[in-house]
Every structure is written in structure tokens, then in C-alpha cells.
1. Within region B:76-97, is there a residue that is modelled with pLDDT under 70 and in a loop (DSSP other than H, G, I, E, B)?
2. Looking at (1) modelled with pLDDT under 70; (2) open to solvent by less than 90 Å² (accessible area, probe 1.4 Å); (3) not aliphatic (A, V, I, L, M), which is the only condition B:K50 fails?
3. Out of the residues in region B:133-149 meeting the condition of being surrounded by fewer than 20 Cβ atoms within 10 Å (Cβ to Cβ) and within 10 Å of another protein chain (Cβ to nearest Cβ), tell me which one is nearest to B:V77 (Cα to Cα).
4. Which residue is farthest from the other protein chains (Cβ to nearest Cβ), if the candidates are limited to region B:98-125 and must be of a type in the set (S, T, N, Q) and not in a loop (DSSP other than H, G, I, E, B)?
Amino acid sequence: MLNCWSATKLASDSLDRKLTLVERMRLGTHLAMCPACRRFSRQAADLRQLSRHYCSVPDDLSRPSETDSER
Amino acid sequence: MLKFAILQLSDPVVAEDAVQEALAGALKNVSTFAGQAAIKTWVFAILKNKIIDTIRQRQKLAQLAPLVSFDGEADDVDTLFDRRGIWKAQNRPTDWGTPEDNVLGRDFWRVFDACLNHLPAQQGKVFMMREFMDMATADICVDAGVSVSNLNVLLHRARLRLRNCLEKHWFQGEKRAC
């Protein structure tokens, strides 16, 4: 049986590579029984969404000095 | 934008150049730009290309800057789990609801920013390459000097840590559950 560490690793990997059939089955079995890892899995995908969105967030929250670089 | 470039290029001077060039390029081509709303996204896209160019150039010159090191690596993501690799009760992910991008305000992005900055340098770098710049695995591996499996390990750790940081500093804010 997969533990939570390994399950979160596979869930993370699934965002970057195609899992093998066996991996998918093992992950699926674990997720079916473990709400915490289900949340991790969903939230890892949320992080991707948030990251994409981050680039279009108004900038003033980070650095006010950027206007300098426009000359 | 500058912070983003510095993190990617690990050289403030080169990063500043890249941002400056991106902005200059944007100004020059502003006539080709249509919608107002997404101007930031558009400039960012230009910057991303600049950064990738710079990284590729660097690769070609085989002038690989010393890696940003694996940082003291007392990696605290291990402590999220017990010895058997099961979530410790206090670290179990809780429900975030649906973090709708558009309802998350300024304060959220400030926290997000801080959490991102708290990632160990190499984790932060590969995470941004993957999730912000959408770079291909092969390119990331070459630039960061890691194998594919190593990259997957770094991304796993970055996600665990970033997720935990956001939960502790944002999503859990008011409801300090069990």
C-alpha cells in the first residue's frame, strides 16, 4: 500500500509526466481512501492555476521601483 | 517582474537587462497590441521569452553559473509526515473551498509571493520554470543541471511546501481547526 508521501509524489508527478498504468491504479486506490491526499492532489493543480494567474496580477504589490526601468 | 527575472536568471544585473529589454520591446511594438486588460500578461510573455533566450544562450556558451545549491537542505517537508510517511494530523491538507482566481485579492497575492520566496532557491526556480513559464522538462533539466527524476522530486517538495505555506498563512486564517 502506498503511503501518503508516495501518493503525494505520484500526484505531483502526474502534473509533469504521464503516469504508468500501475502508478495510476496505485494512486487511485490511495486517493479513494485518503481525503487528505485527495485535497493535496486537487490543490497541487490549484497551485498551477494560481501560478498562471500570478503573472497577470497587478504588480504594485511586489516592487514599486519597476517604473524606473522604463527610462 | 524584476523579482521573477532575478529568480530565473540568478543574476540581478542580467535580470534587470532582461526586464528593461522586455519593456522596451513592448513599448516599441505597442501598436501591435490590441486589448488593454491583458497588457501585463503581454509584457510578461515578452519577458518570459527574453529569459528563455538568455537561459538558452547561457547553455550554449556552456557558461553554467554555479547552481543555486540545495540550500542547507534540512528540508522541512519531511516533517509534514510521520515515520511511516503518513500525514501528521496538524499538517493534513484542509479544504480550500474553490480558490477562484478573480476573487483572490491583493492580500492573497502578497502571501503567495512571500511563500514563493520562502522556497529553497532551487525549488523555487524549477517551480517557476514549470508553472509560470511553462517550460519543457528537458529545458528545465538542462538549465537547472538536474535529471528528470530529480526534477520531479524538487517539484514534489516545492508543491508540498508552497501548499503548506499558503494553507497556514492564508486559507486557515480564521478557522484554526483541530
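The values are calculated or read from the model by the stated rules, or taken from the named source; none is laboratory data. Since this is a predicted model, take the numbers as computed values, not measurements. Every residue, glycine as well, gets a Cβ built from its backbone with ideal geometry; the counts of neighbours run over all protein chains shown. What goes into the accessible areas is simple: the full protein's heavy atoms, side chains included, and nothing from ligands, DNA or RNA. Shrake-Rupley method; radii C 1.70, N 1.55, O 1.52, S 1.80 Å.
1. Going residue by residue through region B:76-97, those that are modelled with pLDDT under 70 are none.
The answer is no, given that none of the residues of region B:76-97 is modelled with pLDDT under 70 and in a loop (DSSP other than H, G, I, E, B).
2. Every listed condition holds for B:K50 apart from (1).
3. Ranking the candidates gives B:S149 first.
4. Filtering region B:98-125 for residues of a type in the set (S, T, N, Q) gives B:98, B:102, B:117, B:122-123.
Imposing the further condition that a residue be not in a loop (DSSP other than H, G, I, E, B) reduces the set to B:102, B:117, B:122-123.
On the way: B:N102: 8, B:N117: 10, B:Q122: 16, B:Q123: 12 Å.
Out of the qualifying residues, it is B:Q122.
Table: residues versus (1) at the interface with chain B (Cβ under 9 Å from one of its Cβ atoms); (2) at pLDDT below 80.
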residue	(1), (2)
A:W5	yes, no
A:L19	no, no
A:E23	no, no
A:A44	yes, no
A:L47	yes, no
A:L61	yes, yes
A:S69	yes, yes
